[in-house]
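Everything on this sheet refers to the single structure shown next.
The values are calculated or read from the model by the stated rules, or taken from the named source; none is laboratory data. This is a predicted model, so every value here is computed, not measured. Cβ coordinates were reconstructed from backbone atoms using ideal geometry, including for glycine residues, and neighbour counts include every protein chain displayed. Just so you know, the surface numbers come from the protein's heavy atoms only, side chains and all, with ligands and any DNA or RNA stripped out. Shrake-Rupley method; radii C 1.70, N 1.55, O 1.52, S 1.80 Å.
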Amino acid sequence: MTRSKRLLLLPLLLVVALAAGCTKPPPEFTRPTSGRALDKPSAQSSGAGNASQSGGLDIPAADWKACPDAYKGVFPTPPQNVQFSCATVKVPQDWARPKDSGTFDIALVRGRSTTQRDRVGSLFINPGGPGGSGFEYGVYRSVYLPAEIVRRFDIIGFDPRGVGRSSPVKCFSDADLDQNFGIDPDPVSDEGFQTSVALTRRLAQSCGDKYGDKLPLFSTEQTARDLDALRAAVGERQLTYLGYSYGTLLGAVYAQLFPKNVRALVLDGAVDPTLTMQQAAEKQAAGFELAFTNFSKWCTGNATSCPIAPDARAVVTKAIADARTAPVQGAGGRKATSGWVFTAVVSSLYSESSWRLLAQAMQDLRNGKADKLFQLADAYAERDPSGKYSNMFDANSAVNCADSDNTPTLEQDRALQSQWRQKYPLFGGPLALNLLCSQWPGKRDPFPTGPATGSAPIVVIGTTGDPATPYEQAPALAKMLGVGTLVTWKGEGHTAYPQTGCIIDAVNRYLIDLKVPAAGTTCEK
């Protein structure tokens with residue numbers, strides 16, 4: 001088992017990730033259904049058994065309490081046919097010193113269908129990020145997963161350590177985050193570059209001043225060990241897990257650390273843990289360029305739905321350039337600077353369903369209106385109408401920087417910036433800049449990268465048009481694990497399940513019956 005030599009994800013100047021990200025529900029998502037009869041329990045049910053131990057520690061059972069208000073912030077009204085319970089599980093801050101390092105509180109939510117029958121067990125879910133709220137996503141997926149899954153499983157969402165309700169990391173001010181997202185994403189002049197360096201140095205130092213030598217404790221490996229404690233706390237002998245995007249990395253690390261505790265893992269929007277930080281960043285730049293090219297082609301072929309046709313790339317490129325010197329003002333005088341325009345473009349490419357909104361936002365920008373652009377950008381940044389941010393990007397930075405032990409120097413960042421700008425005109429320059437982790441004060445705790453020897457089969461899903469976790473990372477992850485089976489979706493956007501009937505059927509049969517999809521399974525739109 002070897003150790004990672006890279007930072008996982010790359011975002012804007014701040015975040016170390018064009019969030020390989022977080023799988024967020026599109027607004028028009030509708031609940032998939034299945035008519036398959038479910039009269040008999042699965043032969044391979046995941047029960048309690050001897051589940052009270054993890055990492056050599058006795059893990060107390062989760063003390064579930066009804067929390068009917070868990071839906072708030074996710075749904076406008078209480079969802080029907082699901083009951084929510086919440087619990088808090090204490091885990092060691094440092095699993096290398098489990099008895100004398102203090103504890104973190106991990107918040108869990110359990111969604112249980114009122115029509116549940118033939119229960120298989122608990123399905124843990126992680127939406128990615130890192131930094132995405134698994135608690136809120138668990139609430140969402142308790143409603144919006146295929147009907148036969150929610151009938152057979154308790155859906156367990158949890159905020160990983162440092163995220164949301166789980167001992168959250170918070171060291172960036174709202175003002176600094178506004179500056180980060182608004183700043184030029186690809187500064188050409190030395191003055192512009194140094195402005196970005198100074199901002200990210202201030203951000204990094206603010207985390208160092210507040211958390212000091214605790215910063216490495218937010219690493220992915222520590223979180224994977226927490227996940228096994230949560231498995232034990234909810235009474236499962238083995239783990240059944242659905243991880244999206246960064247959640248695939250968390251699942252892969254778990255499988256390496258606890259292979260015998262794996263029942264079924266679905267890793268959708270796969271991250272290749274063996275890539276160096278530079279390799280991962282370049283692949284992501286290429287992935288976003290491909291996704292934007294596909295958006296541009298859609299515009300050309302659907303001019304009635306795309307007011308910036310026939311040359312969407314030219315319109316967006318000009319919008320970013322114009323915003324550097326003459327940004328459009330939105331509500332309250334907020335300026336749609338080049339960074340906000342870029343963030344809106346990034347946000348829209350995670351789902352094909354956002355393409356129409358991007359096209360209209362760009363057209364509105366040409367007409368002096370920025371409301372739709374900020375709608376897209378704020379959704380990505382998790383910025384509310386009052387200008388308050390969640391702690392997603394604080395946690396994202398803490399996890400990514402803790403995971404990386406070979407961050408490029410500022411000089412290397414600057415050299416790559418001009419090279420990649422030529423190769424990937426819209427996304428190369430910004431993705432070359434990993435200024436935050438280059439100046440991160442904490443020690444590093446890289447994750448393992450090797451086979452999950454002794455694990456049950458693991459399903460890995462890749463989408464051919466995925467910008468954030470490009471498709472080629474999926475077969476690479478399946479190969480690295482040694483027990484991975486690849487499922488391909490020929491589609492657009494970030495992640496695949498549960499988007500099509502073919503993907504739904506393959507994943508459902510695996511989760512419920514442990515029927516592994518046939519090698520080479522490929523699903524069309």
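List of remarks:
- Criterion (closer than 18 Å to residue 243 by Cα, crowded, with 20+ Cβ neighbours inside 10 Å and hydrophobic (A, V, I, L, M, F, W, C)) met by exactly one of 456, 468: 468
- Conditions (1) open to solvent by 20 Å² or more (accessible area, probe 1.4 Å); (2) touching a residue at least 60 places away in the same chain (Cβ under 8 Å); (3) on the phi > 0 side of the Ramachandran plot: number failed by residue 102: (2)
- If you check 219, 196 for being hydroxyl-bearing (Ser, Thr, Tyr) and more than 24 Å from the chain's Cα centre (by Cα), only one passes: 196.
- Counted residues, the stretch 400-428 - those being open to solvent by less than 10 Å² (accessible area, probe 1.4 Å) and either touching a strand residue (DSSP E or B) at 6+ places or on another chain (Cβ under 9 Å) or under 19 Å from residue 201 (Cα atoms) (or both): 7
- Any hit, the stretch 277-291, residues being on the phi < 0 side of the Ramachandran plot, touching a strand residue (DSSP E or B) at 6+ places or on another chain (Cβ under 8 Å) and surrounded by 23 or more Cβ atoms within 10 Å (Cβ to Cβ): yes
Here is a yes/no grid of residues against (1) buried (at least 20 other Cβ atoms within 10 Å of the Cβ); (2) within 21 Å of the chain's Cα centre (by Cα); (3) hydroxyl-bearing (Ser, Thr, Tyr); (4) part of a helix (DSSP H, G or I):
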| position | (1), (2), (3), (4) |
| --- | --- |
| 138 | yes, yes, no, yes |
| 157 | yes, yes, no, no |
| 160 | yes, yes, no, no |
| 188 | no, no, no, no |
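- For first residues located in the stretch 73-91 and under 17 Å from residue 157 (Cβ atoms), partners that are part of a loop (DSSP other than H, G, I, E, B) and of a type outside the set (Ser, Thr, Tyr) and lie 6+ apart or on another chain with Cβ distances below 6 Å form the pairs 84/67; 85/64; 86/67; 87/62; 87/63; 87/64; 89/62.
- If the condition is being open to solvent by 50 Å² or more (accessible area, probe 1.4 Å), of a type in the set (Lys, Arg) and under 19 Å from residue 483 (Cα atoms), then the stretch 498-525 contributes only 515.
- Residue 328 vs. criteria under 25 Å from residue 193 (Cα atoms), surrounded by fewer than 23 Cβ atoms within 10 Å (Cβ to Cβ), of a type in the set (Val, Ile, Thr) and in contact (Cβ under 8 Å) with a residue 40 or more places away in the chain: yes
- Among (1) within 19 Å of the chain's Cα centre (by Cα); (2) closer than 21 Å to residue 223 by Cα; (3) not β-branched (Val, Ile, Thr), the one test that residue 465 misses: (2)
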